Amino acid sequence: MDLQVSDDVSKEYLAEVLPILENEEVLSLSTFSHHQWTNRLMHSINVSYLSWFIAKKLGCDEKAAARAGLLHDFCPYDFKKKTPTGEHQAFYHPKAAARNSERVFQISERERKAILTHMFPLGPMPTNKEAWIITLADKICASMELCHVAIALARRNRLVLRTASA
Ligand SMILES: [Fe+2]
Ligand SMILES: [Fe+2]
């Protein structure tokens, strides 16, 4: 997997997320379709970038917003499959994403809580500013993706995912 990033993408943003984007398990999210028209990795990158942008504008912790946004759906499995607990995927996958993020990366408590609450109002209410931002960014990105409208880094192909053979 190769990431092609255009020059107008903030270097400051990239510095926060590149260590996560170099992880093979995270990159494998590109093999799962998401919101019909995109894949789970591109969706996660869009949520991450939009969360970083909003957090920076509002004077919040933009690093935590970027990282937790990127990891909020860190679930390399098919969402159509039954969950091990029998819970609906909407309630199960934030917990799986938080567990996977803790296993692979050192995440802060603020980031963990933001991942766990991103499905609000399905599931628990966000308890910090960055969590609210990610919840909002996820819904904005999901709505745009379902309408097949390119948003955040998908706009004007500012970030393109290319498989090694492409
Ligand atoms: Fe999600
Ligand atoms: Fe999401």
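Each value in this text was obtained by applying a stated rule to the coordinates, not by laboratory testing. Computed from a predicted model, the values in this text were never measured in an experiment. Here Cβ is always computed from backbone atoms with ideal geometry, including for glycine, and neighbour counts include all displayed protein chains.
Ordering I140, N39, S51 by Cα displacement along the dipole of the chain toward the positive end leaves I140 in first place; charges were set at the Cβ atoms of Lys, Arg (+1) and Asp, Glu (-1). Along its first, second and third principal axes, ordered by size, the chain spans 42, 39, 32 Å in Cα coordinates. Residue-wise HN-Hα couplings along the range 15-22, as the Karplus relation 6.51 cos²θ - 1.76 cosθ + 1.60 with θ = phi - 60° gives them from phi, are 4, 6, 10, 4, x, 6, 6, 8 Hz; Gly and Pro carry x.
Go through K80/K139; K11/K82; K56/K81; K63/K139 and tell me which ones have a Cα-Cα distance over 31 Å in this structure.
Values: K80/K139 20 Å; K11/K82 40 Å; K56/K81 37 Å; K63/K139 20 Å.
Too far apart for the 31 Å limit: K11/K82; K56/K81.
Lys/Arg Cβ at +1, Asp/Glu Cβ at -1, dipole of the chain taken about the Cα centre: which of Y92, L122, Y77 is farthest positive-ward? Final value for the positive-end residue is L122. Among L70, L146, L41, the largest mean-square fluctuation in a Gaussian network model of the chain (Cα springs under 10 Å) belongs to L146.
Among D78, D7, D73, D138, sorting on how many other beta-carbon atoms sit within 10 Å of each Cβ, with the fewest leading, yields D7, D78, D138, D73.
Computed from backbone phi with θ = phi - 60° and the Karplus coefficients 6.51, -1.76 and 1.60, the 3J(HN,Hα) list for the range 82-90 is 5, 7, x, 8, x, 5, 5, 4, 4 Hz; x is used for glycine and proline. This model, with +1 at the C-beta of Lys and Arg and -1 at the C-beta of Asp and Glu, gives the range 34-83 a dipole about its Cα centre of some 120 debye. Extension gain for N157 to T31 (0.36 nm times residue separation, less C-alpha to C-alpha distance): 43.5 nm.
What dipole magnitude, in Debye to the nearest 20, does the chain give about its Cα centre under +1 on Lys/Arg Cβ and -1 on Asp/Glu Cβ? Intermediate values should be presented prior to the final figure.
Numbers: 21 positive and 19 negative charges, 71 e Å.
Using Cβ point charges on Lys, Arg, Asp and Glu, the chain gives about 340 debye.
The overall shape of the range 35-90 is prolate: from the C-alpha gyration tensor, with semi-axes ordered a ≥ b ≥ c, the ratio a/c is 1.5 or greater and a/b exceeds b/c.
Using Cβ contacts closer than 10 Å as the measure, can you line up C147, C60 from fewest to most? Walk me through the numbers before you get to the answer.
Working: C147 11, C60 18.
Fewest-to-most ranking of C147, C60: C147, C60.
Listed from fewest to most Cβ neighbours within 10 Å, the set F105, F91 follows the order F91, F105.
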